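Heads up: the structure comes next, in structure tokens.
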Amino acid sequence: EEALAFSLEALDECRARLAHEGVDFSAYNSAENAADVNDLRLALGYDEWNLFGISYGTRLAQTIMRDYPEGLRSVILDSAYPLEVNLFTDTPANVDRALNTLFAGCAADEACAAAYPDLETVFWDTVALLETEAAPIQVFDLQNGEMYDTFFDGDGLIGIVFQGLYSNEIIPVLPQLIYEASAGEFALVETLLSAFMLNSEYISLGMQFAVQCNEEAVFTEPGSPAAAAAAYPELENFFAGLTNLSEVTLDVCQDWGVDEAPAIENEAISSSVPTLVMAGEYDPITPPAWGEQVAANLDNSVFFLYPGVGHGASISGECPTEMAIAFLNDPTSAPDDSCVADMAAPAFTIAGETAAVTLVPYSNDDFGIAGVVPEGWTEQAPGVFARGQSGTDQTAIIFQALSADLGADFLLGLLEQQLQMPAAPELAQELTFGDLTWQLYESTGILGLSVDIAVTTTDDLVITVVMLSEAADRDALYEMVYLPMIEAAAPQ
């Protein structure tokens with residue numbers, strides 16, 4: 001209740017600020033947006049172009065198909081949001097479907113079922129436990145570098161899994177997250193919430209409410225969102241606390257001051273424009289059934305369901321991306337969908353199972369060093385390699401050097417600051433490989449990551465190997481990656 005009150009207060013301040021700035025809330029809706037898109041086409045001098053929409057973008061695209069079909073060569077609707085559905089009353093069923101898809105997916109995967117048996121029961125038991133007593137956690141603001149203390153309750157667990165189901169990079173870690181939360185371990189929760197907090201900076205709540213109050217709330221009977229949520233008792237409290245997908249939204253819209261959309265904005269469109277409709281199996285907000293519903297009203301459409309992915313199927317894997325490109329190249333025929341059969345179910349991560357790593361030669365002329373690095377890890381910056389096993393995987397290796405004039409203490413201080421260590425790293429041991437003697441330090445970093453730092457000094461360089469890892473992987477990676485990299489590292 002406190003969080004909801006805070007959110008409502010923030011929304012009211014947002015609305016008041018925008019109104020003071022002279023914003024016309026009624027100018028923000030799909031019909032106006034569609035007219036702007038068509039005006040842009042004309043201003044650019046295009047006779048026709050291709051539309052590509054994801055999520056709300058599909059609702060806008062359908063509006064353009066209805067109002068300005070003459071300028072369209074083809075349309076891709078990814079994660080379709082039909083005009084005629086009601087987001088406020090349909091979402092509880094959609095969330096329930098997606099959760100059940102996750103539970104069934106884990107049960108059907110031999111390794112996941114063995115590691116995380118009876119996932120559904122564990123999930124709901126943990127929700128109930130956290131509702132009884134919320135857990136203290138820390139969330140890191142990736143923009144300002146601040147760490148915040150907060151509490152994580154049962155609705156928070158529902159919310160983080162709901163958000164996680166959007167992403168095919170996060171879906172594989174959700175069973176692990178649920179089981180760890182059931183055991184009072186919240187490292188994955190803290191990592192995801194920190195990322196989600198950053199994502200929220202790129203969402204315009206003012207526009208969202210202007211559009212939804214105009215086009216969705218006006219067609220929603222008071223009491224119907226609450227009744228829809230009540231049909232799923234385990235989700236009822238979760239929806240009662242949301243400002244944008246619940247009965248509360250109707251109350252917010254009463255004060256938002258927008259015009260009511262005409263009835264046509266709540267009616268299915270029909271069109272003969274060539275259209276590719278794409279849906280993800282795990283999508284928690286725009287289910288595959290919505291894609292099929294839209295496609296059924298389009299005379300010249302094809303629909304494809306992609307297994308193992310969530311929201312935004314077209315950008316969730318090589319197969320759907322290639323199919324989207326093929327359709328754009330030739331919208332007069334359906335793209336080859338043979339690759340869909342080869343798409344795998346989510347590769348659920350199993351805590352404590354660390355995949356074998358192959359090390360390959362590496363050198364960097366700018367740093368003046370050579371050695372080995374993990375094969376297949378992505379070099380995100382010179383000498384910085386990320387494993388990227390999942391959407392929450394923060395495992396990384398740093399292999400760099402700086403001038404010996406700066407010294408090892410300068411390097412350690414720099415790493416302490418950059419990696420947000422709570423204290424200076426502690427010397428654990430010294431190792432000698434060949435002519436180089438290394439000091440090995442240990443510490444913790446952002447959100448409890450294990451930090452291992454190896455430093456050696458030559459006449460010209462201070463060379464370092466740094467490993468960031470989750471506690472469950474640390475010991476295995478220490479032997480497979482960290483120590484072999486130290487042994488192989490040398491000046492060029």
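Which entry is the computed Rg and Dmax of the Cα atoms in Å for this structure: [x] 26.6, 93; [y] 25.9, 80; [z] 24.7, 81?
[y]
How long is the gain from L8 to V340 if the chain were fully straight, where each residue apart is worth 0.36 nm and the alpha carbon distance is subtracted? Please list the in-between numbers first.
On the way: separation 332, 0.36 × 332 = 119.52 nm, distance 4.34 nm.
So the chain would gain 115.2 nm between L8 and V340.
What residues have an amide H closer than 5 Å to that of R73, excluding those fewer than 5 places away on the same chain, when H is modeled at 1.01 Å from N in the peptide plane?
Sorted by chain and number, the residues that satisfy this are W49, N50, L51.
Taking the Cα-to-Cβ direction at A35 and at E120 and moving 7 Å from each Cα, how far apart do the two end points lie in nm?
4.9
Tell me the relative contact order for the range 359-491 as a rounded percent, counting alpha carbon contacts under 8 Å between residues six or more apart.
Numbers: 253 pairs, mean separation 32.4, N = 133.
About 24 percent, as a whole number.
Once every Cα of the range 359-491 carries one equal point scatterer and solvent is ignored, give the base-10 log of I(q)/I(0) from the Debye formula at q = 0.12, 0.17, 0.19, 0.20 Å⁻¹, two decimals.
Taking Cα atoms of the range 359-491 as identical point scatterers yields -0.41, -0.87, -1.12, -1.26.
What nm value, rounded to one decimal, do you get for the distance between A268 and D149 when each label is placed 7 Å out toward the C-beta?
5.5
What number, rounded to the nearest 500 deg cm²/dmol, is the helix-based mean residue ellipticity at 222 nm of the chain, given -39500 (n - 2.57) per DSSP H run of at least four residues and division by all its residues?
Values: 18 runs with 200 residues, N = 492.
Result for the chain, helices only: -12500 deg cm²/dmol.
Would you mind getting me the FRET efficiency between D96 and D409? Use the beta-carbon distance for r and R0 = 56 Å, nearest 0.05. Mind showing how you got there, number by number?
Details: r = 56 Å, r/R0 = 1.01.
The formula returns an efficiency of 0.50 here.
Rounded, prolate or oblate: which one fits the range 116-202, using the alpha carbon gyration tensor with axes a ≥ b ≥ c (rounded when a/c is under 1.5, else prolate when a/b beats b/c, else oblate)?
Working: a/c = 2.14, a/b = 1.38, b/c = 1.55.
Oblate, because a/c is 1.5 or more while a/b does not exceed b/c.
What does the C-alpha gyration tensor say about the overall shape of the range 1-153? Classify as rounded when a/c is under 1.5, otherwise prolate if a/b is larger than b/c, or oblate. Walk me through the intermediate numbers first.
On the way: a/c = 2.59, a/b = 1.48, b/c = 1.74.
Here the range 1-153 falls in the oblate category.
T458's amide H: which non-local residues (gap 5+, or another chain) put their own amide H closer than 5 Å, with H modeled 1.01 Å from N in plane and none for Pro or chain starts?
I463
Please give the contour-minus-distance gain from D259 to E353: 0.36 nm per residue of separation, less the Cα-Cα distance, rounded to one decimal in nm.
Numbers: separation 94, 0.36 × 94 = 33.84 nm, distance 5.56 nm.
That works out to 28.3 nm of additional length.
Rounded to the nearest 0.05, what FRET efficiency do E236 and N329 give with R0 = 56 Å and r taken as the Cβ-Cβ distance? Could you check?
Working: r = 47 Å, r/R0 = 0.84.
After rounding to 0.05, the efficiency reads 0.75.
With r as the distance between the Cβ atoms of A227 and T444 and R0 = 41 Å, compute the FRET efficiency 1/(1 + (r/R0)^6) and round to 0.05. It would help to have the intermediate numbers written out before the result.
On the way: r = 48 Å, r/R0 = 1.17.
According to the calculation, E is roughly 0.30.
Express in whole angstrom the spacing between the alpha-carbon centres of the range 260-294 and the range 1-39.
If we compute the Cα centre of each part, the gap is 24 Å.
What's the center-to-center distance, using Cα atoms, between the range 309-339 and the range 458-492 in Å?
Here the answer is 41 Å between Cα centres.
At 0.36 nm per residue, minus the direct Cα-Cα distance, what do D251 and Y46 gain on full extension? Give it in nm, one decimal, please. The partial results should precede the final answer.
Numbers: separation 205, 0.36 × 205 = 73.80 nm, distance 4.27 nm.
Full extension of this stretch gives 69.5 nm more.
Can you compute the modelled spin-label distance between Y478 and A428, with each label point 7 Å from Cα toward Cβ, in nm?
With each label placed 7 Å out from Cα toward Cβ, I get 0.4 nm.
When only alpha-carbon atoms count, how far does the range 153-267 stretch along each of its three principal axes, as whole angstroms with the largest first?
49, 32, 25
Values quoted throughout were computed directly from the atomic coordinates according to the rules given, and no laboratory measurement underlies them. Since this is a predicted model, take the numbers as computed values, not measurements. Note: ideal-geometry Cβ built from the backbone for every residue, glycine included; neighbour counts use all protein chains shown.
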